[in-house]
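K.L.:
I have a structure here, written as structure tokens, and I will follow up with some questions on it.
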Amino acid sequence: MEPVAGEHYHKQMIGMLEAIWGEGFLSPGGPEEVARLVAGTDFAGKSVLDIGCGAGGIDLALVKNHGAGYVCGIDVEDTVLSHARALIAREGLGQRIGCLKVAPGPLPFPPASFDIVFSKDSIVHIPDKAALMAEVFRVLKPGGRFVASDWLIGVDGPPSPEMAAYIAAEGLDFGMASPGRYRAAMKLAGFEEIEVVSRNAWYRQQARTELDRLKGPVGAAAAKIVGQAFVEENIGIWSRMIPVLDSGEHCPTHLKGRKPD
Ligand SMILES: C[S@@+](CC[C@H](N)C(=O)[O-])C[C@H]1O[C@@H](n2cnc3c(N)ncnc32)[C@H](O)[C@@H]1O
């Protein structure tokens with residue numbers, strides 16, 4: 001596939017992230033972190049919207065490991081969606097998982113469409129958290145659950161020079177917000193039973209392992225697919241990320257809420 005202009009998660013990026021995080025995964029932790037995130041929420045037979053489904057690994061895990069009845073994965077980029085569709089077809093799960101291209105903005109679904117709205121490390125790309133949470137609330141059925149992981153910033157306002165350097169190195173369209181802003185957005189939308197749980201301590205350690213693997217055999221194998229220069233670029237990103245994980249300014253977080261009956 002030719003590179004698509006303006007895409008952040010192009011083929012080379014997908015190849016790099018899969019080398020670090022596993023087939024179909026564009027975020028850390030693989031099926032184990034998905035399992036930790038969904039613990040306590042019953043996905044069996046449920047209709048699930050996955051915002052920012054990426055390359056398909058998450059949706060396969062939700063169906064294969066957690067029994068989701070039907071997952072509708074939405075994303076704004078074609079290349080990740082093609083990758084996801086190919087993985088889903090290979091697993092023979094086309095009847096249980098659909099992938100839809102959407103434009104940023106209001107969710108293209110009627111009110112009360114889903115039992116669960118899920119998202120893994122994608123809302124960071126959506127700057128208006130209040131507008132998004134209002135939309136999530138609208139498309140959930142009464143009693144429905146919001147279950148997400150995302151990359152948050154410790155406090156709102158200008159990032160530290162170290163955080164600014166890390167965000168610039170990523171080169172992605174991050175629109176990061178603090179735990180307080182997420183909580184306020186969920187409350188304003190109408191959610192109850194709101195939970196905001198930092199995953200910084202876990203990812204701070206995990207990222208070190210990832211960097212070691214990138215500098216070792218994983219990086220060498222990835223270089224054959226994505227090129228040595230791109231591996232080096234990513235070693236630079238991870239090296240900038242670890243200090244801002246250590247300072248707590250970069251805080252991966254689990255977010256949950258319930259729409260009242
Ligand atoms: C870090 S990746 C995570 C993908 C997947 N959830 C995973 O964990 O493997 C972020 C994804 O969000 C998508 N994205 C960015 N802006 C979006 C938006 N406004 N609506 C839906 N998806 C979006 C990107 O294209 C990308 O696939």
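K.L.:
Between D78 and A35, what is the label-to-label distance in nm when each label sits 7 Å out along the Cα-to-Cβ direction?
P.N.:
Taking the two extended label points, one gets 3.8 nm.
K.L.:
Give the value in nm², to one decimal: projected area of the alpha carbon convex hull of region 1-98, averaged over all directions.
P.N.:
The Cα convex hull of region 1-98, projected and averaged over all directions, gives 5.9 nm².
K.L.:
If you take the beta carbon distance between E7 and K224 as r and set R0 to 25 Å, what does 1/(1 + (r/R0)^6) give as a FRET efficiency, to the nearest 0.05?
P.N.:
Approximately 0.65, to the nearest 0.05.
K.L.:
Using a probe radius of 1.4 Å on heavy atoms only, what accessible surface per residue do you get for the chain? Whole Å² is fine.
P.N.:
Normalised by residue count, the accessible surface of the chain is 42 Å².
K.L.:
Shifting gears a bit: Could you work out how far apart the two model spin labels at A86 and L100 are, taking each label as a point 7 Å from the Cα in the direction of the beta carbon, and quote it in nm?
P.N.:
The two pseudo-label positions are separated by 2.5 nm.
K.L.:
Further, regarding this structure: Under 22 Å Cα to Cα from K101, which lysines show up? Leave out anything in the same chain fewer than 8 places away.
P.N.:
The reachable lysines, counting only those whose Cα sits under 22 Å from K101, are K11, K46, K120, K129.
K.L.:
Then there is this: Once the cut-off is 27 Å, how many percent of the Cα-Cα pairs in the chain end up in the long-distance tail?
P.N.:
Value for the chain: 35 percent of Cα pairs lie more than 27 Å apart.
K.L.:
Let me ask something additional. Please give the peptides 110-123, 81-94, 204-217 ranked by average Cβ packing (other Cβ atoms within 10 Å per residue), highest first, as a rough proxy for protection.
P.N.:
Top to bottom by mean Cβ count within 10 Å: 110-123, 81-94, 204-217.
The values are calculated or read from the model by the stated rules, or taken from the named source; none is laboratory data. Here the structure is a predicted model, which is why all the values come from computation and not from measurement. Neighbour counts run over all protein chains shown; Cβ positions are idealised from the backbone, glycine included. Ligands, DNA and RNA are excluded from the accessible area calculation, which covers all protein heavy atoms including side chains. Shrake-Rupley method; radii C 1.70, N 1.55, O 1.52, S 1.80 Å.
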